[in-house]
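Scroll down for the structure; my scribbles are underneath it.
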Amino acid sequence: MTSVARTGMSEGFVSCGACGLLSRPAGAEEPGECPRCGETLEFRRRDAIQRTWALVITAGICYLPANILPVVRTTTLTSEETDTIISGVVHLYATGSWYLALILLIASVMIPLAKLSALAYLLITVQRGAVRNNRERARLYRLMEIIGRWSMVDVFAATFAVGLVRLQPLMSVAPQPGVLFFSGVVILTIIAAESFDPRLIWDSSQGKQETND
Amino acid sequence: MASLSADVVACPDCDLLQRIPALSPGGSAYCPRCGRKVATSKPGSLERTTALAVAAAIAFLITNVEPLMGLSLAGREASTTIAGGVWQMWEQGEKITALLIALFAVIAPALQIGFLLAILLSLRRPPAPRWVGALLRWVEIAGSWSMVEVMMLGILVSLVKLAAIARVVPGVGIFAAGGLILLLAAMSSSFDPREAWSRVRWVKDEGPQRALPSGGVDAAEAGR
Ligand SMILES: [Zn+2]
Ligand SMILES: [Zn+2]
């Protein structure tokens, strides 16, 4: 594409965040409400950059305890042991389910980290007014929205182990504080991705010739 | 009604103005700038989605009532449902996690199916009342927090982990959950929110005359 892009904002139209209707806003400062569904109109999500940064930083802080603190404690007649996410992965690997170990490693350790780095990268490039790799950055954003939920898998696994193994004093499984931080990371990164506005990626190149293909 | 044509949209991901071309049945239109899918033609969506939503509601009930898995160790047995897992989490002090699991595995999918059924029924006689618009917004939110497929993987992980120390038996609930995952995916992909919104009564009956943005590029049709 080599033409100058005509966007809703550049032509004075605003797209409803709820129903997608394109309409002429009531004013440039206060766009008013969507005539179809009544949602408050916004040209861009409000305070997208600040909000997303705040959520990314909070999630980053939770990421450490989520990986260091134990998530479950297994008690049997003769032993008591606690497992972190990582030691759970190592156990699975040692007992021969290397494929499940790999899935858990990706879902619990790598996806949250990848998501946090990707969001930070998008935020920094937007703040610097980057005009390159727009399509790739847009794709990165969409990918992140899809994969984030899978990080929750270990919390689900812990929940069902806790629910199922209640054979005191023979054997029982109890949750540990790690699950709280871990769910925190997942929720915060999901909300962070929601509060970012992917249209900002394209705004920096607005009015310039697009040489992106 | 406003004169802005329903065929002109701004891409939700990059704000590019574009006209959605007439699509062949099942065809999709993609934003030429960022590649985001902006529309899909879904003929017969209303009937098919209703059937899928009813089936999903049944699978959801079975998933939540039947045990997901059982365990036997040294002559003692135990089994758990989703609610059982949530309850134990709550009892043992992880209240926030218990609430989150309940939200992702039970409440969000229930609302997703329930809201969609309510929407589909009221769309049969357009224009649908305004509360359908609110439900359309909520069904999207519920869908984004509904994680039955992630729960399924979590169950499999804990089955494999426990199989090393005890005998585990998959319950009826786990098979229903498998069906529920497929039905939820089919239900969401067969639902056509653009069509639904076009049948909802507008908040402002007599909208101001809105000029159509002249020109604008066409969204690219499937298989760019
Ligand atoms: Zn609207
Ligand atoms: Zn686009």
What relative contact order, as a whole-number percentage, does chain B give when Cα pairs under 8 Å and 6 or more residues apart are counted? 35 percent
On the full set of protein chains, 1.4 Å probe, figure out the accessible area of B:Lys42 and give it in Å² to the nearest 10. 50 Å²
Just read off the accessible area of B:Ser24 with the full protein assembly in place, 1.4 Å probe, to the nearest 10 Å². 60 Å²
Expressed to two decimals, region B:99-170 has a Cα Rg over Rh, using the Kirkwood radius, of 1.24
Globularity ratio of chain A, using Cα Rg and 2.2 N^0.38 Å: 1.33
What is the diffusion coefficient of region A:1-43 in µm²/s, taking the Kirkwood radius over Cα pairs and the Stokes-Einstein relation at 37 °C with a viscosity of 0.692 mPa s? 306 µm²/s
For region A:46-212, what does the relative contact order come out to in percent, with C-alpha contacts under 8 Å and a separation of six or more? 41 percent
Hey, what did region B:1-41 get for relative contact order, percent, Cα under 8 Å, at least 6 apart? 31 percent
Here the averaged projected area of the protein assembly as shown, based on the convex hull of its alpha-carbon atoms and given in nm², is 21.9 nm²
Of the residues A:Leu21, A:Gly38, A:Val4, the Cα lying farthest along the dipole of region A:1-43 towards its positive end, which is defined by charges on the beta carbon of Lys, Arg, Asp and Glu, belongs to A:Val4
Counting pairs of Cα atoms in region B:1-41, how many percent are more than 11 Å apart? 64 percent
q = 0.13, 0.14, 0.16 Å⁻¹, region B:44-205: log10 I(q)/I(0) [Debye, one scatterer per Cα]: -0.67, -0.74, -0.90
How do B:Ser79, B:Ser28 rank by accessible surface area computed with a 1.4 Å probe, from largest to smallest? B:Ser79, B:Ser28
Could you work out how far the C-alpha centroid of region B:79-142 sits from that of region A:57-113, in angstrom? 29 Å
If you build a Gaussian network model of chain B, linking Cα atoms that sit under 10 Å apart, which residue out of B:Ala185, B:Ala166, B:Ala83 swings the most? B:Ala166
Percent of all alpha-carbon pairs of region A:1-126 at distances over 25 Å, whole number, is 56 percent
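The values are calculated or read from the model by the stated rules, or taken from the named source; none is laboratory data. From a predicted model like this one, the values you see are computed outputs, not experimental measurements. Note that we place each Cβ from the backbone using ideal geometry, even for glycine, and neighbour counts take in every protein chain shown. All accessible areas refer to the heavy atoms of the entire protein, side chains included, with ligands and DNA or RNA removed. Shrake-Rupley method; radii C 1.70, N 1.55, O 1.52, S 1.80 Å.
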